[in-house]
Amino acid sequence: MSDKSEYFIVRDQNIYEVVIGLEVHAQVTSNSKLFSSSSTKFGAEPNTQVSLVDAAFPGMLPVINEFCVKQAIKTGIGLKAKINNKSVFDRKNYFYADLPQGYQISQYKYPIVGEGNVTLDMPNGQKKIGIERLHLEQDAGKSIHDIDPNSTLVDLNRSGVALMEIVSKPDLRSPDEVNAFIKKLRSIMRYLGTCDGNMQEGSLRADVNVSVRKKGSKDLGTRCEIKNVNSIKFMQMAIAYEANRQVDLIEEGKKIDQETRLFDTKKNETRSMRSKEDAHDYRYFPDPDLLPLEIDDEYINKIKLEIPELPDEKKKRFIDKFNLTSYEATILVSDIETSKYFEEVIKDSDVKLSTNWITGELFALLNEKGLDISDSPISSKNLSKLINFIKDGTISGKIAKTIFEIMAEKDEDPEKIINEKGLKQESNPEELEKLIDQILNDNRDKVTEYKSGKDKLFGFFVGQAMKVSGGKANPKLLNEILKTKLIK
Amino acid sequence: MVVCDNIFYHMTIDLKTVKHISKLARISLEEKKAEKLATDMNSIFEFIEKLNELNTDNVEPLTSIAETTLRFRDDKITSENIREKILKNSPEKNDDFFVVPKVVE
Amino acid sequence: MSEIPSLTLYELIKNIKEKKISSNEAAKSFIDRAERSKKLNTYVTDNFENCLKLSKQFDNRPNFDLKLPGIPIAVKDLFCTTDVRTTAGSNILNNFIPTYESTVTQNIWNEGGILLGKLNCDEFAMGSSNETSFFGNVQNPISKDLVPGGSSGGSSAALAANLTPITIGTDTGGSIRQPASFTGTVGLKPTYGSCSRYGIVAFASSLDQAGPMSKDVKDCSILLEVISSFDKKDSTSIDFKRNNYSKELTNNIKGLKIGIPKEYRIDGMPDEIEKLWQKGIEYAKECGAEIIDISLPHTSYALPTYYIVAPAEASSNLARYDGVKYGFRSSGENLIDMYEKTRSEGFGEEVKRRIMIGTYVLSSGYYDAYYLKAQKVRQLIKKDFDDAYNKVDAILTPSTPSSAFKIGEKSSDPVSMYLNDIFTVPVNLAGLPGISIPAGTDKNNYPLGLQIIGKPFDEQTVLNIAYSMEEKINYKNNICDWWIK
Ligand SMILES: [Mg+2]
Ligand SMILES: [Zn+2]
């Protein structure tokens, strides 16, 4: 990540700015589908989670899942958005093999959630990205082109699963901001439990709208929509490619066509997806099988009570209450699992030490093993214990690192490790005194040198004491005793 | 009766429009049938255009005649695996999937 | 018992309960008559063998507490029936066998009814003469080469020809009431939301409603009681307290106010329709009702509104017939080609015409001018009725502007065909209950019907008025069994 999140494309004298808007499709976390009672579980055998409604059999009718409505409202609250008291389900009509009804039930003119915003923490400060709307809609099935050489196979397991389409305003200006936006959105939804944000499983994907304009211009350029990109890396690559392509066209004096494009991940390029003659006309109209969705304020207020502390508020609390730096707070709240882990550790442990150990040793360990914090080999309980042993002087920081490494292999109680391996810190003054006397006795010449002014030798005595004690000497106590003995 | 002036009807539906609509509706049409349809549609729309006489500027559109609000369902999985039933009527036989002509994206 | 088929439902139930007729005997006699009535072309798919089996089962373990104890019943082929082919009168569903049951038919089986078979209808219920069916015309038993009305034409013909004691149809713009009127039978379209739409092949979702068809009003009330139910599987089903319509049926309508809408006196309406209406007014007065002149000012806009709303919804509802999941498929070079050929060959001309109209009125640039406009006018039409019901309890009109016409007479001119529904369509647009009862005949001795329109959910009043007028009118169908072999 560059130091600044500013991103421009420069050609000779011309500086271009990139304008990006996202349409994020987030799968609602729910047991059953938006309008039918079949399961939404990922990875099932093809067509085993398909009801008569999902496969659009004659006479089948949609009945809405209340939980999905609540999830959309929760997300809307998380996006600081207006929840609309009345919204309408429309049919978006088009033919496709994996769209069994011949239409998608979506919300067009009247979405359930209106305008809101998301705050990004960029290296050069915070930036607010506007949210245009959030609406509920059905997912389509899956067309599989690579099993049968002569046919396309259709799996409808995903058909009818609830999606939230979250549309941003064209406020994003760089691939880095897109990265931050998706991560923040994902974080908010994971805090809320409304979307698991799993991009590999397709729970989160986005259409990316890209246009370019000369820096300083207020007009929007012609935009192209890059459909269905399912990783942040690909989004960033697609934006970079597409922005440069558009700039090249402008520089050549050519026109940019407003069109839908596809990102080819193998060739790292975007290309036109649909021919013009196939221009879409979705013929939206209110679904006569459903009634308008009416939600009163009382209903919304009840849901508000269920909203947990979200990343922005948590960050503020961490800074205010625990004196964390903005940087520390940002990483500790970025993911709900991390913040949960952190809060469990600090329940019984020192905040400063915990912060250091989590953002330092633990993150390094997880990184090395490629694990999420929810799969951490060291439980929050055991890490908290380890930190407490450091704090009360039972072990030194150095010993703690050794113990940490042992814990990383098997999540054991640090107390057990300390006892078994005899790693307990020596904090008995009498024992330490004996040990120090011995060392001073064995190094009389060095003692004389020290007393004649060679202060640096103090470290030598500490080192010797540590060596002899097997690293178990309490450093603080050791220092104190050494100082008094050497003055004598 | 007041003629609503912000809406323009009285357009005739030409052959090109009929063909465009048939594309949208995914119904192939022979030339002759398209011509006949254009004629039929024009006579039907002539009759439909009577609505033009009415000023409806301040009228709320009626979307549902059932005067009630949308009823909610609980988030429960009640339908199990009925793949066999789902695929039973499909025109091209396959035990696991629906099958359509190869789609090239 | 050769006279079984001519019994009313009520009489048949009575005989079965008194063990004078067994369910199996009844089934046999209807099946026997159907076998000799093939000329009428009422059945698309029969369930005779199974019906005989089930009727025997009923007789072995009869339950006379049921409302339709062992009664064989044929239904319109728009209701999905488990393991029995359901075509909606279309080639595109020619080979479709549902694995599920519509709520309305399930209600009938739950009360002891037994499926005789599936009755012909206009393709996807789009038509007023049963001529658009992929399975061919239906003959009106009243007279040879006469249409039975539509779209529930197979149902009305089967009923009038005594091939089923009662039946059910669906009514989107008059598809129960108009065929009832054309065959001298009774047909009721209930309030929108009374009968579940679950498992009924959809035509226009905001208008479709299933309803009873019968030989008289009493039978109609029994059947309505069975099929009207709240259903969680249909989001537009309404949870209101349903009457025991047959128990509460009365011929005492003294003091009820019945409105006569002046706008239903349309230009060019045949004299005999006007006369029939006047006669109806007289009967209503004789029954003790008070007649009040009312106005439904937007009546003439109902048909144009209907011909935007219904095709628009249909164009979307019929998008699922694409050759992928079930039904007919034509082979194509690619997916789009397959879609276009399947739908072109699978749908008949009228259905394609309506899909085209519907697609057009929803297409970009035309939505506001047509669809939105129609929804607004629909609001005005509904308001007309709301206003009228401040003054009256029910409304009396003719059912149709003419009697049954000859097969082929109107099939080339869609608009003249659409005009058939001029008196029935406003009732669907406003979601109201309406019944057609036979009230007389025209110069050819063809039956004519009167329509009684009620307040929302006030089917009881509609039935009561129909019941008391039926007594005065004392209409008898005069059918000579000309088609019987
Ligand atoms: Mg999009
Ligand atoms: Zn979407």
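If one takes the longest principal axis of the Cα atoms in chain B, at what angle in degrees, from 0 to 90 and to the nearest 10, does the Cα axis of helix B:15-24 lie?
Relative to chain B, helix B:15-24 is tipped by roughly 30 degrees.
Tell me, what ³J(HN,Hα) does each residue in segment B:84-101 have, in order and in whole Hz, if you take phi through Karplus 6.51 cos²θ - 1.76 cosθ + 1.60 with θ = phi - 60° and put x for Gly and Pro?
These are the phi-based 3J(HN,Hα) values: 4, 5, 5, 8, 4, 8, 6, x, 10, 6, 6, 6, 10, 10, 7, 10, 10, x Hz.
Out of residues 5 or more away from residue A:226 or on other chains, whose amide H comes under 5 Å of its own, with H placed 1.01 Å from N in the peptide plane?
HN-HN under 5 Å from residue A:226: A:208, A:209, A:210, A:261.
Take the Cα atoms of segment C:286-400, find their three principal axes, and give me the spread along each one in whole Å, biggest first.
Its Cα atoms span 67, 36, 21 Å along the three principal axes.
Post the alpha-carbon centroid distance, segment A:125-186 to segment C:274-310, in whole angstrom.
54 Å
Got a number for the accessible area of residue A:252? Probe 1.4 Å, square angstrom, nearest 10.
Taking all protein chains as shown, residue A:252 has close to 110 Å².
Which distance in nm do the two modelled labels at residue C:247 and residue C:82 give, with both placed 7 Å along the Cα-to-Cβ direction?
In this crude label model, residue C:247 to residue C:82 measures out at 2.9 nm.
Which of C:37, A:95, A:161 sits closest to the plus end of the dipole of the protein assembly as shown, meaning its Cα is farthest towards the positive end, when Lys and Arg get +1 and Asp and Glu get -1 on the C-beta?
A:161
Based on a Kirkwood Rh over C-alpha pairs, give the Stokes-Einstein translational diffusion coefficient of chain A at 37 °C and viscosity 0.692 mPa s in µm²/s.
122 µm²/s
Quick one: if you stick a label point 7 Å off each Cα along the C-beta vector at residue C:415 and residue C:443, how many nm between them?
Calculated label separation equals 2.6 nm.
Once you have the Cα-Cα distance between residue A:220 and residue A:299, take 0.36 nm times their residue separation minus that, and quote the gain in nm to one decimal.
Taking 0.36 nm per residue and subtracting the Cα distance, the gain is 24.5 nm.
If r is the Cβ-Cβ distance from residue A:117 to residue A:316 and R0 is 22 Å, what FRET efficiency results, to the nearest 0.05? Display every interim value, and only then the final one.
Working: r = 16 Å, r/R0 = 0.74.
Between residue A:117 and residue A:316 the formula returns 0.85.
Translational diffusion coefficient, Stokes-Einstein: compute it for segment A:429-487 using the Kirkwood radius over C-alpha pairs as Rh, at 37 °C and 0.692 mPa s, and state it as an integer in µm² s⁻¹. Intermediate results must be reported in sequence, preceding the final value.
Numbers: Rh = 11.3 Å.
After rounding, the answer is 291 µm²/s.
Please report, for the Cα atoms of segment C:417-478, the Rg to one decimal and the Dmax as a whole number; what are they, in angstrom?
Rg, Dmax (Cα atoms, Å): 13.0, 37.
Which parts of segment A:408-423 would a label at residue A:344 reach, counting a residue when its backbone N lies under 20 Å from a point 7 Å out along Cα-to-Cβ?
Correct set: A:408-417.
For chain C, place one equal point scatterer on every Cα, skip the solvent, and apply the Debye formula. What is log10 of I(q)/I(0) at q = 0.08, 0.12 Å⁻¹?
Computed log10 I(q)/I(0) values: -0.42, -1.00.
Can you give the charge dipole size of segment A:309-421 about its Cα centre, rounded to the nearest 20 debye, using +1 on the beta carbon of Lys and Arg and -1 on the beta carbon of Asp and Glu?
Details: 17 positive and 23 negative charges, 74 e Å.
Value, rounded to 20: 360 debye.
Figure the gain on full extension for residue A:42 and residue A:306 (residue separation times 0.36 nm, minus the Cα-Cα span) and round it to one decimal in nm. If you can, show how the numbers build up before the last one.
Values: separation 264, 0.36 × 264 = 95.04 nm, distance 2.64 nm.
Length gained, residue A:42 through residue A:306: 92.4 nm.
Work from the charge dipole of the protein assembly as shown (Cβ charges, +1 for Lys and Arg, -1 for Asp and Glu, about the Cα centre) and give the residue of C:184, A:260, A:27 farthest towards its positive end.
Projecting each Cα onto the dipole axis, the largest value belongs to A:27.
If eta is 0.692 mPa s and T is 37 °C, what Stokes-Einstein diffusion coefficient results for segment C:43-104, Kirkwood Rh from Cα pairs, in µm²/s?
Working: Rh = 13.0 Å.
So the translational diffusion coefficient is about 253 µm²/s.
Can you compute the FRET efficiency between residue A:416 and residue C:19 using 1/(1 + (r/R0)^6), with r the Cβ-Cβ distance and R0 = 56 Å? Round to the nearest 0.05.
Working: r = 85 Å, r/R0 = 1.52.
Efficiency computed from Cβ-Cβ geometry: 0.10.
Around residue A:107, under 12 Å between beta carbons, what's the net of Lys plus Arg minus Asp minus Glu among the other residues? List each step's numbers first, then the result.
Details: positive: A:86, A:91, A:92, A:109, A:133; negative: A:90, A:137, A:165, A:287.
So the environment of residue A:107 carries a net charge of +1.
Under 8 Å for C-alpha pairs, at least 6 residues apart: give me the relative contact order for segment C:4-255, rounded to a whole percent.
Answer for segment C:4-255 is 17 percent.
Taking the solvent-accessible surface of protein heavy atoms with a 1.4 Å probe, what is the per residue accessible area of the protein assembly as shown in Å²?
On the way: 43320 Å² over 1078 residues.
Per residue, the protein assembly as shown has 40 Å² of solvent-accessible surface.
Which whole-number percent gives the relative contact order of chain A, counting Cα pairs below 8 Å spaced six or more residues apart?
14 percent
Treating cross-link reach as a plain straight distance, find the lysines whose alpha-carbon is under 22 Å from the alpha-carbon of residue C:376, omitting any fewer than eight places away in the same chain.
Once the sequence-local lysines are set aside, what remains near residue C:376 is A:86, A:92, A:109, B:50, C:455.
Only helices at least 27 Å long along their own axis, judged from Cα atoms, and with Kyte-Doolittle mean hydropathy of 1.6 or greater: name those in chain C from DSSP H.
Helices meeting the criterion: none.
Treating each Cα of segment C:328-480 as an identical point scatterer and ignoring solvent, apply the Debye formula and state log10 I(q)/I(0) at q = 0.10, 0.13 Å⁻¹.
Results for segment C:328-480 at q = 0.10, 0.13 Å⁻¹ read -0.58, -0.86.
Relative contact order of chain B, please, whole-number percent, based on alpha carbon pairs below 8 angstrom and at least 6 residues apart.
Once divided by the residue count of chain B, the mean separation gives 27 percent.
Once the Cα gyration tensor of the protein assembly as shown is diagonalised, what are the square roots of 5 times its eigenvalues, in whole Å and ordered largest first, as equivalent ellipsoid semi-axes?
After diagonalising the Cα gyration tensor, the semi-axes are 74, 33, 26 Å.
Would you please give the FRET efficiency between residue A:200 and residue B:49, computed as 1/(1 + (r/R0)^6) with r the Cβ-Cβ distance and R0 = 60 Å, to the nearest 0.05?
0.65
What does the accessible area of residue A:369 come to, in Å² to the nearest 10, when a probe of 1.4 Å is used?
Taking all protein chains as shown, residue A:369 has close to 80 Å².
Which entries in C:38/C:118; A:33/A:184; A:401/A:476; A:214/A:267 show an alpha-carbon gap greater than 20 Å?
Distance filter (> 20 Å) returns A:33/A:184; A:214/A:267.
Helix hunt in chain A: which complete DSSP H runs extend at least 20 Å axially by C-alpha with mean Kyte-Doolittle at least -0.5? Provide the component values of the computation, followed by the final result.
Working: long enough: A:175-192 (26 Å, -0.21); A:232-251 (28 Å, 0.14).
Going by DSSP H runs, the hits are A:175-192, A:232-251.
Ordering C:39, A:385 from largest to smallest accessible area (1.4 angstrom probe), what's the sequence?
Of C:39, A:385, the descending order of accessible area is C:39, A:385.
Got a number for the accessible area of residue C:441? Probe 1.4 Å, square angstrom, nearest 10.
Probe radius 1.4 Å; accessible area of residue C:441 about 60 Å².
Quick check on segment C:4-255: what are the equivalent-ellipsoid semi-axes from the Cα gyration tensor, as sqrt(5λ), descending, whole Å?
Values for segment C:4-255, descending: 23, 22, 19 Å.
Which value in Å is the Kirkwood Rh of segment A:309-421 over different Cα pairs?
Kirkwood hydrodynamic radius for segment A:309-421: 14.2 Å.
Along Cα→Cβ, 7 Å out, is where each label goes; now give me the distance between the ones at residue B:32 and residue B:67 in nm to one decimal.
5.2 nm
The values are calculated or read from the model by the stated rules, or taken from the named source; none is laboratory data. Predicted model, so just to flag it, every value in this text is computed and none were measured. Positions of Cβ are backbone-derived with ideal geometry, glycine not excepted, and every protein chain shown enters the neighbour counts. What goes into the accessible areas is simple: the full protein's heavy atoms, side chains included, and nothing from ligands, DNA or RNA. Shrake-Rupley method; radii C 1.70, N 1.55, O 1.52, S 1.80 Å.
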